[in-house]
Structure formats: structure tokens, C-alpha cells
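Reviewing the structure listed below.
Each reported figure results from applying straightforward, stated rules to the coordinates on display, with no laboratory input. A quick note: this is a predicted structure, and the numbers were derived from the prediction, not measured. Reconstructed Cβ throughout: ideal geometry from the backbone, glycine too, with neighbour counts over all protein chains shown.
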Amino acid sequence: MWRDLLSKVVSRSLEVAVSLGKRIRRHWASDSDGFGYSLAHGSAGLAVFTESLYRGTGDVEWRRASRELLRHAVMTAKHAVDLPAGLFGGVAGLLFASRYISPDSMTSLLGQSLIAMLHEHTSLLLAFGETRSRIPASYVDVIGGLAGIGLVFLNLPRSNSLPLVIASLESRVAVRDGVPVGMFLPAPLIASRHLRAMFPDGMVDAGVAHGVAGPLSLLALAATRGMSVRLSILEEGSEWLVARSDHDRHGAFWYPGYGSANEPPNHGRMSPKNAWCYGVAGIANTLWLCGEACGRTDIKDFAVAAMLAGLARHAGVQEPFLCHGTAALLHITRRFHQRTADSAFVDHIEHLTYQLIRSADAFEPSHSAKGLGLLEGMAGIGIALSGDFDQELCWDRAFALA
């Protein structure tokens, strides 16, 4: 595996991750009240990062740090006026962090309380979705909606809500008349003003964070783990993504969204992206998961070719973060090498690791929680360098990557 081939790189990246962890702890210790509870930008995300350092180093100080940060997240959440459901900003994120750091906590009073709260939120979201054919992406996506909640339920020992989430998402991503109609957003429901201007008649978001690829990833992972999922939905959804791909001299790529007739935006106004949230890396990973679940070698081969094309192009990645930067690109590249043993990925892993190390050394975050956080901050850079990759419950399950 790439670890054996790049042992010096692995050792150096862990050193840098530890250094980032120490910097974050100093910031947090000086202003813990400035941090919220969320997985994205708060103490829950920092707890997951420091737990990854414990797994990478075996240093029990990081285990103590992760539990202290998790306690802070839970206590902060208790004082929240209105605690949302979502994975990166609410109850689901607290539950994921608790499960990652302390699996035994799921049977504790706190764990059972969080699980009950998430079931209640899920019931409300499902009821809302049943009454509307068009709903905002935030109700179904990975960041704050049902797909992210489903990822958490999937990693619990059992969940009565998960089959209901699966059924709801199957209906949303089902392709009818050539379009995943349940994911179509009329212009007033498009959150981004930029995309709203590009798609005045509405759009289907193709990405993992807010679009079709997120629910498809959850459904594929659920199917692979033995849940009842309609494989025809996965095949149709992955074929829709393949058909939406455009091509340049490197190979396939995707735009963030497509209109009601599956048309892409004006090409001159949007360059190809290669990130987790939107674009090649995230969608290629989704296609691999769908191909694996459906036994479709052709879809997996397309995913590998698209990922290698994205790495050769390396366009649109300007920042080091997990959401839309080098950190996720590095981690997804390692996942592809793990799955395929294709040596073509090894040089890219080495290059991206050193690129991320350079970014980490130069990174000066704002003193805000976001600048230090997991999704778009220093902790995300660190967790990609930490070496937590082979554990039974890896942090990347929160990102629908494995």
C-alpha cells in the first residue's frame, strides 16, 4: 500500500499534523468560549481531529484532548436555543463525534439521548419532505439534511430510522424523464446567488455536499453494508452523472449544476472543479461506491479514469481545506489507491502530501472557529495528514467517502 511506498512522507505528514494539533489546542485554550459545538467549525470537529492524532501517534494526551473537546461541544450544545439536526451543524455531528471517539458512549445516557433526539428530528424532516415535491437542498444533503443524518445512522449498531431515510432519498434521486426530479431546485430554492443567476429556470446540483452525489453515496454505502436499497436507483443515478460529464484533454469533469434540460452552465463562466464538495474528486468517489454496490465494473473504471484526469488537471484547487481543497483531494486519492492498487496514484499522493505540508506550514488562520475547524480550517488539514485511514470507523465516513 502507499504507506509502505511512501514511509518518509507518512512520517513527515504525521509530524505536521501533530504540530497543527498543538497550535489548535493553544488557540482553543485561550478562547474556548468562542467555539461552538458543530462538527464543521466547532469543538466536535476539533475532537474528531485530536482523536485522529491519538490513533496516529498512540499518545494518550490526544485521547484526553479529544474527550475534553467533546465534552465542551456537548455542554455548549445543551445551551443552544434551537439545536438543528444536521451532520455538520447539529445533533448528527455530535453523535458522529461521540461514536468516533468513544463507541461505548452509544449505550450511555448521553448517547441514548442524542440518538433519541436525532430520531425525532429525522421524523420531522421526513414528514416535511412527504408533503412537498420541491424542497431546499438543506433538507436532503450531506451537510445538514437527510443524507448526512443517514451516514450517522449507518454507523450506529442499529437504527429504525435508517430504512425510512433510505426510502425517502431513493425517491429524491430517482431519474425520471432524464432528470433526478426530486433533487431539482427551482431558482428561488437555490441558496447560491451565483448559481441562481446561472440557472434562472432552476437546476440539479451534482456535487457531494449539497447535490445528487451525496445521497447516492449514502445509498451505495448502505447497500454495500447489507441494507435494502434499490440498486436500479443507484445505476440510474450513476449513469446520470456519467452522462453529465464534460471532457477536456485530460478526461472527464463535472460542473456544479445542470439545468432542467440537463444543460451545463455557460462554460465561460465556470471552470472545472476538483474538490470534495463539488467536482471531480467527490463525484468520482461516488461513482466508485455506486459501481461497487451494483457490481458495475464499467462505472468503477469510469470513476478511476475521472479521478486520474482530475489529478492531471488539478484545476480549481486553490485552498488546503477538506471541503474544497487539497486535504480532501489527498485523502480521496489515497482511497482510490487502496481500492485499486493502481501505481498511477502513488506519485499524486506524494505530490499532494508535500503540497499540503507546505500549505500547513504557511497557514495562518483567523482566530475564528471556522479558521481552525474541520470543514474549512486547520483541523481539516491536520486530519488529512494524521494517518487515520485504516480504522474500522474512519473520520471520512462523515464525508460519505467510505
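If you take the beta carbon distance between residue 132 and residue 262 as r and set R0 to 22 Å, what does 1/(1 + (r/R0)^6) give as a FRET efficiency, to the nearest 0.05? Display every interim value, and only then the final one.
Numbers: r = 23 Å, r/R0 = 1.04.
Here the calculated transfer efficiency is 0.45.
Nearest 5 percent is fine: what portion of the DSSP beta bridges confined to the chain is antiparallel? Present the calculation step by step, with values, prior to reporting the outcome.
On the way: 9 of 10 bridges.
Within the chain, antiparallel bridges account for around 90 percent of the total.
Using modelled backbone amide H atoms (1.01 Å from N, in-plane), which distant-in-sequence or interchain residues come within less than 5 Å of residue 155's amide H?
Here nothing satisfies the definition.
Just name one of 380, 337, 318: the one whose Cα is farthest towards the positive end of the charge dipole of the stretch 275-402 (beta-carbon charges, Lys/Arg +1, Asp/Glu -1).
318
Amide H neighbours of residue 279 under 5 Å, at least 5 residues apart or on other chains, H built in the peptide plane: list them.
Here 208 satisfy the definition.
Residue-wise, which Karplus ³J(HN,Hα) couplings in Hz belong to the stretch 38-48, taking 6.51 cos²θ - 1.76 cosθ + 1.60, θ = phi - 60°, and x for glycine or proline?
Ordered by residue, 3J(HN,Hα) equals 6, 6, 5, 10, x, 5, 5, x, 5, 5, 5 Hz.
So what is the calculated 222 nm ellipticity per residue for the chain, using -39500 (n - 2.57) for each DSSP H run with n of 4 or more, over all residues, to the nearest 500 deg cm²/dmol?
Numbers: 17 runs with 226 residues, N = 402.
So the calculated ellipticity at 222 nm is -18000 deg cm²/dmol.
Please list the non-local residues whose amide H lies under 5 Å from the amide H of residue 325, H modeled 1.01 Å from N, same-chain partners needing a gap of 5 or more.
Residues meeting the amide H criterion: 276.
Would you report the distance distribution of C-alpha pairs in the stretch 35-130 as whole percents per 5 angstrom bin, up to the bin with the largest distance?
3, 15, 24, 24, 17, 9, 5, 2, 1, 0
From the backbone phi of the stretch 332-337, what are the Karplus-calculated ³J(HN,Hα) couplings (6.51 cos²θ - 1.76 cosθ + 1.60, θ = phi - 60°) in whole Hz, Gly and Pro given as x?
Whole-Hz 3J(HN,Hα) from phi for the stretch 332-337: 5, 4, 5, 4, 5, 5.
Provide the per-residue ³J(HN,Hα) series for the stretch 179-189, in order, calculated from phi with Karplus coefficients 6.51, -1.76, 1.60 and θ = phi - 60°, each as a whole number of Hz, with x at glycine and proline positions.
Karplus-based 3J(HN,Hα) across the stretch 179-189 equals 9, x, 4, x, 9, 6, 10, x, 3, x, 9 Hz.
Using 0.36 nm per residue of separation minus the Cα-Cα distance, give me the extension gain between residue 343 and residue 79 in nm, one decimal. Write down the numbers at each step before the final one.
Values: separation 264, 0.36 × 264 = 95.04 nm, distance 5.03 nm.
Residue separation times 0.36 nm, minus the Cα-Cα distance, leaves 90.0 nm.
Got a sec? Charge dipole of the chain, +1 on Cβ for Lys and Arg, -1 for Asp and Glu; which of 28, 243, 49 is way out at the positive end?
Result: 28, furthest along the dipole toward the positive end.
At R0 = 56 Å, how high is the FRET efficiency between residue 232 and residue 30 if r is their beta carbon distance? Nearest 0.05 is fine. All intermediate terms of the calculation are to be shown ahead of the outcome.
Working: r = 54 Å, r/R0 = 0.97.
Here the calculated transfer efficiency is 0.55.
Report the FRET efficiency, 1/(1 + (r/R0)^6), for residue 119 and residue 19, where r is their Cβ-Cβ distance and R0 is 35 Å, rounded to 0.05. Intermediate results must be reported in sequence, preceding the final value.
Numbers: r = 40 Å, r/R0 = 1.15.
Efficiency, from the Cβ-Cβ distance: 0.30.
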